[in-house]
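A.B. asks: My questions will all concern the structure given below.
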Amino acid sequence: MLERVLSLRSRTTQANSEEDVDDESKTRKTLSLTTRFLNQLTKTNFLWPSLFFFLFLLITSIAIHSRNIVCDVSSTGLIHSRFNFFGIDGLDSEFGLLGVPWCRSKHGKTVEWTTKDLIKGIEEFVPVYETRPIKNNMYGMGFDHSFGLWFITRWIKPELMIESGAFKGHSTWVLRQAMPNTPIVSLSPRHPEKYLKKGAAYVDGNCTYFAGKDFVDFGSVDWGRMMKKHGVTDRSLVLVFFDDHQNELKRLKQALKAGFRHLVFEDNYDTGTGDHYSFRQMCDQFYVRGGGHSCFKDGDEARIRTKRRMFWEKAVDIGELCGEGEAWWGVKGQMRDDFNHSNKAISYNEHFQNSRFVESVLDVYWELPPVAGPSLTHQTRYDPARVSSPIVEDGRFGLFQRLGLGSLETSVFNGYTQMVYLQVSKSSS
Ligand SMILES: C[S@@+](CC[C@H](N)C(=O)[O-])C[C@H]1O[C@@H](n2cnc3c(N)ncnc32)[C@H](O)[C@@H]1O
């Protein structure tokens, strides 16, 4: 691979130098023509009127261009102006001010996999994803999180997989692709088979369903009995996947109580967004870079948020971020649960204590990065200034195509919400 990169690089250098030679002769030709043209204008007294006319054209064109950048939000020029406006440098500089929160793990441990492993994984996963039974999984996972779940599961190699929140069964199918012979336990109020009557759905043959009339919430399952049934003696060999829109602090405490260590949360919503309390929200603290938001209407954060809200559907402005008394934590100072059917106002102190608790049980906190940058995927929803660097970075069009990502529909890249993998253990204190 290195050889290929080197040979590509030398080919590019060679091509560039050929272009340079060509460019130089073109410039020379243009210069001599320009000189002759100017001489002619001076002779005929047209030089100054022509210069004024040229200046007028320049000013008009700048005025029209800047108007498009600011106002053309709803037209087809949106994507073009979005990238012209922010550019890659623009993203980086705003990133610093708004910041990206993260949860600190107890001993600073991180995951074993590297970007190289993720890239290799994407290449393998694209053809798998193309065979998915549910092509339109609106309200369920798109490409980024499907890849993340598949990748993490294959890496952990659990003896049992538990899923809370199945919908039509897409995530069950992803788990099955990752581990073809491992049993699954799936909990969901509506059985995926119900969706079969209306269209595509997935029901797994090696899965115990607590669904429909047999539904039991994750917090009420007799896990001891379940482990015995599946012959699992070591609960650290179980992977639990949550996509049930419940308060993640509640789920974390239940998982710890049951002795599970590997947890994946699909909707790790950013501060000010979403229908349940998430780790992202919990770990957005004043001591974290960019945490401790400002609700000041005339402040820098307000200005940046307003601007970004115009370009990214899920970005929130100060009005959406802040509740009464300038409460910015959670969602407007609320701890939401169960698809926002319950929302409880909490104080900053409570919120802060929650974050301390989370960090006291965290061995690893790893947010799946978006698979590719927005200029490649053309996603228009999440704000790239609030996420970590994508696996395939903006500008790497060749890699994007080589991995097969270019053949996927744009809509599959829109559902990214910072899926997170946690490794947890009870705190010793
Ligand atoms: C976003 S969907 C899940 C999408 C699915 N994982 C996928 O990839 O397509 C959320 C699901 O959670 C289910 N749900 C609601 N309350 C739940 C609970 N307490 N426990 C488990 N699932 C729940 C909903 O019925 C719904 O099917």
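The values are calculated or read from the model by the stated rules, or taken from the named source; none is laboratory data. The model shown is predicted, which means the values in this text are computed figures rather than measured ones. Neighbour counts run over all protein chains shown; Cβ positions are idealised from the backbone, glycine included.
Conditions tested, residue by residue: (1) within 16 Å of the ligand (Cβ to nearest atom); (2) under 17 Å from the mean Cα position of the chain (by Cα); (3) acidic (Asp, Glu); (4) in a helix (DSSP H, G or I).
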position	(1), (2), (3), (4)
Lys314	yes, yes, no, no
Asn340	yes, no, no, no
Glu350	no, no, yes, yes
Arg356	no, no, no, yes
Glu359	no, no, yes, yes
Ser375	no, yes, no, yes
Pro390	no, yes, no, no
Gly406	no, no, no, yes
Thr417	yes, yes, no, no
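A.B. asks: Does Phe400 meet the test of being out of contact with any Lys or Arg (no Cβ under 7 Å at 6 or more places or on another chain), among the hydrophobic types (A, V, I, L, M, F, W, C) and either more than 18 Å from Cys103 (Cβ to Cβ) or not in a helix (DSSP H, G or I) (or both)?
C.D. replies: Yes.
A.B. asks: If you don't mind, there's one more thing I want to ask. Which of the residues spanning region 181-214 are of a type in the set (Lys, Arg) and farther than 24 Å from Asn136 by Cα?
C.D. replies: Of region 181-214, the ones of a type in the set (Lys, Arg) are 190, 194, 197-198, 213.
The one that is of a type in the set (Lys, Arg) and farther than 24 Å from Asn136 by Cα: Lys213.
A.B. asks: Run down Arg225, Arg235, Arg176 and say which single residue is buried (at least 17 other Cβ atoms within 10 Å of the Cβ) and either farther than 27 Å from Ile134 by Cα or of a type in the set (A, V, I, L, M) (or both).
C.D. replies: Details: Arg225 fails: buried (at least 17 other Cβ atoms within 10 Å of the Cβ); Arg176 fails: either farther than 27 Å from Ile134 by Cα or of a type in the set (A, V, I, L, M) (or both).
Unique residue meeting the criteria: Arg235.
A.B. asks: Out of everything in region 315-331 that is under 15 Å from Arg305 (Cα atoms) and in contact (Cβ under 8 Å) with a residue 12 or more places away in the chain, what residue ends up being surrounded by the fewest Cβ atoms within 10 Å (Cβ to Cβ)? Give the derivation first.
C.D. replies: Step one: filter region 315-331 for residues under 15 Å from Arg305 (Cα atoms), giving 315-322, 328.
This time we only want the ones that are in contact (Cβ under 8 Å) with a residue 12 or more places away in the chain, so: 315-318, 320-322, 328.
On the way: Ala315: 25, Val316: 21, Asp317: 18, Ile318: 23, Glu320: 14, Leu321: 24, Cys322: 22, Trp328: 24.
Here the answer is Glu320.
A.B. asks: Scan region 118-140 residue by residue and report those that are among the small types (Gly, Ala, Ser) and more than 12 Å from the ligand (Cβ to nearest atom).
C.D. replies: To start, the set of residues in region 118-140 that are among the small types (Gly, Ala, Ser) comprises 121, 140.
Within region 118-140, Gly121 is the sole residue that qualifies.
A.B. asks: Report whether or not Ser388 is within 17 Å of Asn137 (Cβ to Cβ), surrounded by fewer than 19 Cβ atoms within 10 Å (Cβ to Cβ) and either at pLDDT below 95 or not charged (D, E, K, R) (or both).
C.D. replies: On the way: within 17 Å of Asn137 (Cβ to Cβ): no; surrounded by fewer than 19 Cβ atoms within 10 Å (Cβ to Cβ): yes; either at pLDDT below 95 or not charged (D, E, K, R) (or both): yes.
In short, no.
A.B. asks: Touching a His at 6+ places or on another chain (Cβ under 6 Å) and closer than 25 Å to Asp243 by Cβ: which single residue out of Thr410, Thr417 fits that description? First the steps, then the outcome.
C.D. replies: Working: Thr417 fails: touching a His at 6+ places or on another chain (Cβ under 6 Å).
Criteria check complete, one pass: Thr410.
A.B. asks: Could you tell me which of the residues Asp394, Asp363 is in a strand (DSSP E or B) and touching a residue at least 40 places away in the same chain (Cβ under 8 Å)? Outline the logic, then answer.
C.D. replies: Numbers: Asp394 fails: in a strand (DSSP E or B).
Going through Asp394, Asp363 in turn, the sole match is Asp363.
A.B. asks: Among (1) near the ligand (Cβ under 9 Å from one of its atoms); (2) more than 20 Å from Lys253 (Cα to Cα); (3) in contact with a Lys or Arg (Cβ under 9 Å, 6 or more places away or on another chain), where does Cys207 come up short?
C.D. replies: The single condition Cys207 does not satisfy is (1).
A.B. asks: Let me ask something else. Of all the residues that make up region 233-250, how many are under 23 Å from Gly169 (Cβ atoms) and away from the ligand (no atom under 12 Å from the Cβ)? Reasoning before the result, please.
C.D. replies: The first filter runs over region 233-250 and keeps only residues under 23 Å from Gly169 (Cβ atoms), leaving 238-246, 248.
If we keep only those that are away from the ligand (no atom under 12 Å from the Cβ) too, we end up with 238-239, 248.
Summing the residues that are under 23 Å from Gly169 (Cβ atoms) and away from the ligand (no atom under 12 Å from the Cβ) in region 233-250 gives 3.
A.B. asks: Tell me which residues, restricted to region 141-159, are touching a Ser or Thr at 6+ places or on another chain (Cβ under 7 Å) and more than 7 Å from the ligand (Cβ to nearest atom). Explain how you work it out, then say what you get.
C.D. replies: We begin by selecting, within region 141-159, every residue touching a Ser or Thr at 6+ places or on another chain (Cβ under 7 Å); these are 141, 149, 158-159.
Within region 141-159, Leu149, Pro158, Glu159 qualify.
A.B. asks: Also: Restricting attention to region 179-207, which residues are of a type in the set (Gly, Ala, Ser), touching a Phe, Trp or Tyr at 6+ places or on another chain (Cβ under 7 Å) and surrounded by fewer than 20 Cβ atoms within 10 Å (Cβ to Cβ)?
C.D. replies: The answer is none; no residue qualifies.
A.B. asks: Given the conditions (1) free of Cβ contacts under 8 Å to residues at least 40 places away in the same chain; (2) more than 17 Å from Gly99 (Cα to Cα), report the number of the one that Ser294 does not fulfil.
C.D. replies: The one condition Ser294 does not meet is (2).
A.B. asks: Right, another one. Checking Lys120 against (1) exposed (fewer than 15 other Cβ atoms within 10 Å of the Cβ); (2) without any contact (Cβ under 8 Å) to a residue 60 or more places away in the chain; (3) within 25 Å of Leu252 (Cβ to Cβ); (4) not polar (S, T, N, Q): exactly one of these is not met. Which one?
C.D. replies: Result: Lys120 passes all but (3).
A.B. asks: Continuing with the same structure: Note down all Cβ pairs under 6 Å where the first residue falls in region 405-420 and is within 15 Å of Leu376 (Cα to Cα), the second is of a type in the set (Val, Ile, Thr) and modelled with pLDDT of 95 or more, and they're at least six residues apart or on different chains.
C.D. replies: Listed by first residue and then by second, the contacts come to Phe413/Thr377.
A.B. asks: Given the options Gln254, Gln334, name the one that is of a type in the set (S, T, N, Q), modelled with pLDDT of 95 or more, over 20 Å from the mean Cα position of the chain (by Cα) and within 21 Å of Ser427 (Cβ to Cβ). Reasoning before the result, please.
C.D. replies: Details: Gln334 fails: within 21 Å of Ser427 (Cβ to Cβ).
Matching residue, one of Gln254, Gln334: Gln254.
A.B. asks: Take region 254-300 and flag every residue that is under 14 Å from Phe218 (Cα atoms), more than 15 Å from the ligand (Cβ to nearest atom) and part of a helix (DSSP H, G or I).
C.D. replies: Answer for region 254-300, where residues must be under 14 Å from Phe218 (Cα atoms), more than 15 Å from the ligand (Cβ to nearest atom) and part of a helix (DSSP H, G or I): Leu256, Lys257.
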